[in-house]
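Working notes for the structure below.
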Amino acid sequence: MKRVSFFLRHPFSDGVPDHFSGICFSVDWPWQSPMAGGTIYFYPETGDKVYVTVASNGGGITSYTYINEGLESLFVDNPDKIRYGMGNAWLDL
């Protein structure tokens, strides 16, 4: 398990702290391989710009989606169009 810290840019719900964390399964070394089954793995790196959801501060990461400036703007402008599945988020525009 890996603990990942995040800095808030745009809250999509009330009460989100400026800094929060989540935990996830990750395979970080060439000699490792993901376990079989339905576990979703995330590969966070320092400096990644992502749209992330966590079950609670310090809890499990439930979605982790890489974004750029354009996609960030679309997410912020269309929060009612955000959809989730299999560990990531997308916009239903």
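The values are calculated or read from the model by the stated rules, or taken from the named source; none is laboratory data. Please read all numbers here as calculations on a predicted model, not as lab measurements. Ideal geometry is used to build each Cβ from the backbone, glycine not excepted, and the neighbour counts take in all protein chains shown.
Annotations
- Residue within the stretch 22-31 that is under 15 Å from the mean Cα position of the chain (by Cα) and charged (D, E, K, R) present: no
- Taking the conditions (1) among the β-branched types (Val, Ile, Thr); (2) farther than 18 Å from residue 89 by Cα; (3) at pLDDT 95 or above in turn, residue 27 satisfies each one other than (3).
- Of all residues making up the stretch 9-44, the number that are assigned to a strand (DSSP E or B) and either over 18 Å from residue 58 (Cα atoms) or of a type outside the set (Gly, Ala, Ser) (or both): 6
- For the stretch 10-27, the tally of residues that are hydroxyl-bearing (Ser, Thr, Tyr) and under 17 Å from residue 42 (Cα atoms) stands at 2.
- Single unsatisfied condition, residue 26 versus (1) of a type in the set (S, T, N, Q); (2) exposed (fewer than 14 other Cβ atoms within 10 Å of the Cβ); (3) touching a Lys or Arg at 6+ places or on another chain (Cβ under 7 Å): (2)
- Residues in the stretch 35-81 that are touching a residue at least 60 places away in the same chain (Cβ under 8 Å) and touching a strand residue (DSSP E or B) at 6+ places or on another chain (Cβ under 8 Å): 72, 75.
- Residues (in contact with a Phe, Trp or Tyr (Cβ under 6 Å, 6 or more places away or on another chain), of a type in the set (A, V, I, L, M, F, W, C) and farther than 16 Å from residue 3 by Cα) located in the stretch 39-93: 67, 75, 89
- One residue stands out among those in the stretch 4-19 that are in contact (Cβ under 8 Å) with a residue 40 or more places away in the chain and under 14 Å from the mean Cα position of the chain (by Cα): the one that is nearest to residue 80 (Cα to Cα), which is 12.
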